[in-house]
Amino acid sequence: MAAVLLALTLAAPVLLVASGPVPDTNNGTVPLVLWHGMGDSCCNPLSMGSIKKMIEEEIPGIYVLSLMIGKNVVEDTENGFFLDVNTQVSMVCSQLAQDARLQGGYNAMGFSQGGQFLRAVAQRCPSPPMRTLISVGGQHQGVYGLPRCPGESSHICDMIREALNRGAYSDLVQKHLVQAQYWHDPLNDDLYKQHSLFLADINQERVVNETYRKNLQQLQKFVMVKFLQDTVVDPVDTEWFGFLKAGQAKETETLQESALYREDRLGLAAMDEAHKLVFLSTDGDHLQFSREWFTANLLPFLR
C-alpha cells in the first residue's frame, strides 16, 4: 500500500469490526483502535482494510479494532455524514468498555475527522485508558471551508456545501450533518461557541470541564500529523491544533499562540511542557502517504 490513502474528513463509530489475532498478553503488544474518515468505511480494502493489514504484518500479534458505523459498510459510510457525533462517541465509549482485550489500555489512531472524534473519546471516557493518540490529518480546531470532499461529483458533497452555506449553526443542520458539528466560523465566533454541538464542547469554548482537561493529560503521547499539500482541510493549520484568528478569515495562528493554549483550557500547554505533544508533517495531499513513511514515523508510537 505504497500509493495513496484517500479516507477523508470524518468518521463515526458504532459497531466494531475487528478481525485478526487476539494478542498474547505476554508478547508486549498494545491493542490499537482505528477510526476512519468521512466518505470511508472501516473495511475498505484500499484504505482502512489495507492499514489494518499492514499494521498486523508489522507488529505480529497485535489486536487491531477498526470501528464501523452501523450494521454494514453502506451504513458505515453514510453515518459518517449524518449520524450525530456525540451519539457516535458515546456508542464507541460503550463498545470499548465492553471489549475485554482493551481493558489494560490501548493506543488509538484516527484518520481525518476520526482523529478529533478519538480525542473526544480520550476526554470523555478514560476507561479503558487510551495510552497514545495519533491524529492523522485530524481537524482539532474544526474547518472553515470544504474545498474538496470524497466523491467530488457526488450529490452528497453538493448538499453538504449548500447546508453549511445556508446555516451551519441552525439546529436542523447541527443535529443532522456531522461536518456542521466541527464547522468553525471565525467571522461568527459567538454563534459557533453557542451552537456548535460537538467541537465547541470538546475544545472547552463555553465552560472549562476539568474532567476533560484531566483525562486528556493522561495520554502518554498525542501525535498530530499535518499534510503540507492538503487540498481537503481548510485551514490546514487545524491539523496541528492551529486555526484562523477570530474576526477574520485570512490570518492563522498556531496552537501555541491561541487562547486555548495560553489559558490551557485543555491542558495542552502542560502536555507540551511535558513533551507529550508530537507534531509531524508529510509533503502530501490529505491522507496520502507511503507505507515507508507510515512505518518509519508512526509505527514507533505503537510498538
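Some observations on this one:
- Amide H contacts for Thr252 (H built 1.01 Å from N in the peptide plane; partners 5 or more residues away or on another chain; cut-off under 5 Å): Lys245.
- Solvent-accessible area per residue for the chain (1.4 angstrom probe, square angstrom): 40
- Interchain or long-range residues, amide H under 5 Å from Met68's placed H: Val14, Leu15, Leu16, Val17
- When the Cα positions of Val33, Val278, Met48 are compared along the charge dipole of the chain, Val33 comes out farthest toward the positive end, with charges on each C-beta of Lys, Arg, Asp and Glu.
- Inter-part distance where the range 241-268 and the range 34-104 are each reduced to a Cα centre, Å: 30
- Across the chain, counting alpha-carbon atoms alone, Rg and Dmax equal 17.7, 55 Å.
- Label-point gap, in nm, between Leu172 and Gln194 - each point 7 angstrom along Cα→Cβ: 1.9
- Helix content alone sets the calculated 222 nm mean residue ellipticity of the chain: runs of n ≥ 4 DSSP H residues at -39500 (n - 2.57) each, divided across all residues, give -9000 deg cm²/dmol.
- Most mobile of Val236, Val121, Val73 in a GNM of the chain (Cα contacts under 10 Å): Val73
- For the range 176-190, 3J(HN,Hα) computed residue by residue from phi via the Karplus equation (6.51, -1.76, 1.60; θ = phi - 60°) reads 10, 9, 4, 4, 5, 6, 10, 6, 10, 8, x, 8, 9, 4, 5 Hz, glycine and proline entered as x.
- Relative contact order of the chain, defined on C-alpha pairs under 8 angstrom at six or more residues apart (%): 20
- R0 of 41 Å, Cβ-Cβ distance Glu57-Ser127: FRET efficiency to nearest 0.05: 0.85
- Once exposed loop GluC sites (Glu not before Pro) are cut out (DSSP; at most 13 other Cβ, 10 Å), longest piece of the chain: 1-151
- Dimensions of the range 144-259 from C-alpha coordinates, computed as largest minus smallest value along each principal axis and given longest first, are 42, 33, 27 Å.
- Remark: the range 28-38, residue by residue, has Karplus-estimated 3J(HN,Hα) of x, 7, 10, x, 10, 10, 10, 10, 7, x, 4 Hz, where x stands for each Gly or Pro and the curve is 6.51 cos²θ - 1.76 cosθ + 1.60 at θ = phi - 60°.
The values are calculated or read from the model by the stated rules, or taken from the named source; none is laboratory data. All of these numbers come straight from a predicted model, not from anything done at the bench. Cβ: placed from backbone, ideal geometry, glycine included. Neighbour counts: every protein chain shown. To get the accessible areas, we keep the full protein, side chains included, count just its heavy atoms, and leave off ligands, DNA and RNA. Shrake-Rupley method; radii C 1.70, N 1.55, O 1.52, S 1.80 Å.
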